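Structure first, commentary second.
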Amino acid sequence: MADATRSQVITLVVLVVAFALATFLVVPLGSRADDDIRASTLLTGDHGAGALYQAMVTLGLPVERRHTPFIDADPLRGPLVMLSVGAVGLSRSEREGLVAWVRAGGTLMYAPGFFDPLTESLELGSHDPVFPNPFFAEPRVPAAPLPHAWTEGVNEVPDVASTFDELAEDLDHEVIIESAGGAPVVIAYRFGQGRVVALADQTLVSNETARAGAGALVVFVRAAADLAEPGDTIWFDEYHHGFAGGGSPLDAAWRFVADTGRGRALAQLAVLALALLYVVGRRFGAPRPPAPQRRRSPLEHVDALARVYRGAGARTTARRLLIGGLARRLREPHPAGDAETAALLDRLGRHPAMGPPAGRLAGVLAADGAPLDVAGAIDDIIDPGRKA
């Protein structure tokens, strides 16, 4: 009874855990994605930049995502877009390599990340963008585009939460969008042989801004298209948002299960199927003991064989088989008929010990005795002293 109760408790615990897991997996993707503050083109939440990337694809611009670091990676050809890097920060060697790449002629479209030392390396001063908070609205100031080829026809720019307030005094830059107080919001400038377009507030190109129909995203797309030379590719940095290439199949499978509706549905079906198999295959209570095996004794076999011979009237066959067994034990040739049987008994009759029992066997055979009498006489020949 205790074993049965224990197994039932284990089964109940397994079912509870399985359904709890299924409940976790059924959480809609949007509830997690909307809280993700990474400005990644792979995210469709408010803070992501998926709309920006898709707009460039729709316009036919050559865009790609970069999933590798800047060190020991293929060289870039075309503008590099880095939006609020934070998940995987730039290492010192990467930062130095990136700055050297821009100075040598590269084009960087950049929105500072949190505590990002790259701002000082790019002569943008110390700048920390406002942390996107999904629960409390950040203080914002009005902004407007200035006359430029990139802002032509753009009249609406959303209020911004961050501006560049500590630019280097000798930085020769052009302001594209500025706040109502005259602080730069989007600037463009030469950096060595290269070019930099810097956004003080990455939310200017976020999905939330794109859904509101603001024109800052149009300005950014025009700038990227203008800065890309023929044959260039516009690269979006995803490695430093935590989306590295070359992941393991296990990581890919987990992302499929955790981040897609089909993956969550398949996971739930698999959990329920395993729970069903466990319940169906689980035995409740102690198993019934196996039935004891019934064996026949040697006497039962002999009796059954005797009944068969008696029913078939095969007395002669039984006697012949018994005589054959006697000959085999005495290492004599198997008698093929009555004459050879008589010769065998004659030879045995001349043996000092086996002579008398051989004579009695000959008498039983002559009297057409029963097989049981024949067997008794044979036992006397094989073991003459058994009755003594």
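The values are calculated or read from the model by the stated rules, or taken from the named source; none is laboratory data. From a predicted model like this one, the values you see are computed outputs, not experimental measurements. Cβ atoms come from the backbone with ideal geometry, glycine included; neighbour counts cover every protein chain shown. These accessible areas exclude ligands, DNA and RNA; they are computed on the full protein's heavy atoms, side chains included. Shrake-Rupley method; radii C 1.70, N 1.55, O 1.52, S 1.80 Å.
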Inter-label distance, nm, simple model (7 Å from Cα along the C-beta direction), residue 339/residue 225: 12.3
Which of the peptides 325-331, 202-208, 373-379 is most tightly packed, and how do the rest follow, going by the mean number of other Cβ atoms within 10 Å of each residue? 202-208, 373-379, 325-331
How large is ³J(HN,Hα) for each residue in region 195-212, as worked out from phi by the Karplus curve 6.51 cos²θ - 1.76 cosθ + 1.60 (θ = phi - 60°), to whole Hz, x for Gly and Pro? 9, 10, 10, 10, 10, 6, 10, 5, 5, 4, 10, 7, 5, 4, 5, 4, 5, 7
Could I have the simple spin-label model distance between residue 316 and residue 121, label points 7 Å from Cα toward Cβ, reported in nm to one decimal? 11.4
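Counting only protein heavy atoms and using a 1.4 Å probe, what share of the accessible area of region 146-232 belongs to carbon plus sulfur, as a whole percent?
44
Considering Cα pairs under 8 angstrom that are at least six residues apart, work out the relative contact order of region 154-208 and quote it in whole percent.
For region 154-208, the relative contact order is 31 percent.
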So for region 339-388, using the alpha carbon gyration tensor with a ≥ b ≥ c as root eigenvalues (a/c under 1.5 gives rounded; past that, a/b versus b/c decides prolate or oblate), I'd call it oblate
As an exercise, use a Förster radius of 41 Å and the Cβ-Cβ distance of residue 266 and residue 91 to find the FRET efficiency, rounded to the nearest 0.05. 0.60
